[in-house]
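Please treat every number below as a calculation from the coordinates, not as lab data. Nothing here was measured: the structure is a model prediction, and the numbers come from that model. Please note: Cβ atoms are built from the backbone with ideal geometry, for glycine as well, and neighbour counts cover all protein chains shown.
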Amino acid sequence: MKILHNIYLGIKRHPLKFLVEIFFAYSALWTLVESGSYFFQDIKPQGILCYLVLVFIGILAACIRAYQHRSFSFKISHSNTEVTVSFGDLFDHGGYLAIPVNEFFDSKLGLPVSPKSLHGIVVDKFFGGHPTSFDQLLTVDLANTPGQDIQRANGKTRRYPIGTTASINTNSHRFLLFALCTTDIVTFKASATIPDLVRALEGLCARARVVLGGERLIIPLVGSGLSGIGLPANQLLQLILLVLVNETKKNQVALDIEIVIHPDRFDEIDFHLIENFWR
């Protein structure tokens with residue numbers, strides 16, 4: 001069923017292209033059959049059955065072309081960095097996992113950290129929902145990072161600039177936590193803008209250059225969750241790729257960068273469109 005769904009999505013997104021693919025496939029087959037009948041007199045492609053066979057093969061070829069793949073890769077020009085975009089579970093990938101957080105690097109689940117955010121999932125899944133060890137690792141890593149002390153009713157009081165990135169490790173995973181969102185000190189609502197996203201990714205890349213040591217950098221579809229940036233998924237992915245390519249051209253970030261998108265977003269993102277732009 002997934003195969004049929006992937007084909008359906010391709011046809012739905014590019015119906016004219018699908019019809020053109022049928023026409024070209026049919027034309028190519030007809031040319032081969034017609035030219036073959038000239039050299040081999042026993043071949044006489046006539047009748048409705050022959051016509052239907054050619055049409056069926058043309059439709060089949062167009063369906064293969066319309067199939068929506070679940071990953072693609074491309075090389076960034078004038079660099080040795082390869083970027084892969086795929087659907088899957090971020091935490092199943094090896095390498096440094098980039099996790100967007102708020103500018104306070106909060107650790108208390110509920111308010112101010114939503115358990116449904118990647119930030120909350122890391123605290124809950126990899127630190128057992130208990131922030132003490134999480135906070136200790138952050139304190140050590142951010143010890144020399146300037147911040148601003150803010151009075152709040154709940155959560156941490158040290159605010160860091162957007163783009164500040166902390167590197168922390170657990171027994172099974174390595175994380176780069178980067179400040180993406182600003183938090184309302186009254187409502188605890190975290191939000192981000194497009195300029196925030198760009199600055200956050202630039203800060204992430206700057207820290208990644210220092211700590212990766214040849215490891216792969218794994219990035220989610222940043223800004224698609226609770227941060228409320230509001231861009232459609234296709235445009236958001238393009239923006240993330242643009243920033244990563246631009247940062248790589250400044251100075252290499254990693255040999256391998258992978259953007260991992262949750263499978264729930266599959267129907268929203270047109271890989272054909274994005275892949276054609278970057279290849």
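Tabulated results
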read-out: Contact order normalised by residue count of region 70-123, Cα under 8 Å, 6+ apart, percent; value: 21
read-out: Cut-off under 5 Å, modelled amide H: who pairs with ILE261 long-range; value: SER86, PHE87, GLY88
read-out: FRET efficiency for THR170 and VAL20, using Cβ-Cβ distance with R0 set to 45 Å, rounded to 0.05; value: 0.30
read-out: Relative contact order [Cα under 8 Å, 6+ residues apart], the chain, whole percent; value: 22
read-out: Percentage relative contact order, region 210-257, counting C-alpha pairs under 8 Å, at least six apart; value: 54
read-out: Full-extension gain in nm, ASP264 to ASN246, via 0.36 nm per residue minus C-alpha separation; value: 3.7 nm
read-out: ASP92 paired with ASP124, simple spin-label distance in nm, labels 7 Å along Cα-to-beta-carbon; value: 2.0
read-out: Residues with amide H under 5 Å from that of LYS156, placed H, sequence gap 5 or more; value: SER107
read-out: Top positive-direction residue, dipole computed over the chain with Cβ charges, set PHE24, PHE87, LEU54; value: PHE87
read-out: Point-charge dipole on Cβ atoms (K/R +1, D/E -1) for region 1-96, about Cα centre, debye to 20; value: 240
read-out: Unit charges on C-beta of K, R, D, E only; dipole of region 155-279, Debye; value: 660
read-out: Under-5 Å amide H pairs with ARG216, H placed in peptide plane, nonlocal only; value: TYR96
read-out: Computed FRET value (nearest 0.05) for TRP30 with SER77, which takes r as the C-beta separation and R₀ as 51 Å; value: 0.85
read-out: Whole-Hz ³J(HN,Hα) from phi, Karplus 6.51 cos²θ - 1.76 cosθ + 1.60, for region 83-95, glycine and proline x; value: 10, 10, 10, 8, 9, x, 8, 3, 7, 8, 9, x, x
read-out: Furthest towards positive pole of dipole, HIS119, PHE74, THR193, structure part the chain, Cβ charges; value: THR193
read-out: Residue-wise HN-Hα coupling along region 240-246, computed from phi with Karplus coefficients 6.51, -1.76, 1.60 (Hz; x: Gly, Pro); value: 4, 5, 4, 5, 5, 5, 4
read-out: DSSP-defined antiparallel bridges as percent of all bridges, the chain, nearest 5; value: 40
read-out: Listed residue (ASN234, TYR8, ILE64) projecting farthest to the positive dipole end of the chain, Cβ model; value: ASN234
read-out: Separation of alpha-carbon centers, region 144-200 and region 67-92, rounded to whole Å; value: 27
read-out: Pairs of lysines in the chain (C-alpha under 29 Å apart; 8 or more residues apart or interchain); value: 18
read-out: Fewest-first sequence of TYR26, TYR96, TYR38, TYR51 by Cβ atoms within 10 Å of each Cβ; value: TYR38, TYR51, TYR26, TYR96
read-out: In sequence order, calculated HN-Hα J values of region 205-221 (Karplus, 6.51, -1.76, 1.60; Hz; x Gly/Pro); value: 5, 4, 6, 4, 4, 7, 9, 5, x, x, 6, 6, 9, 10, 10, x, 6
read-out: Within the chain: Cβ-based charge dipole about Cα centre, in debye rounded to nearest 20 (Lys, Arg +1; Asp, Glu -1); value: 220
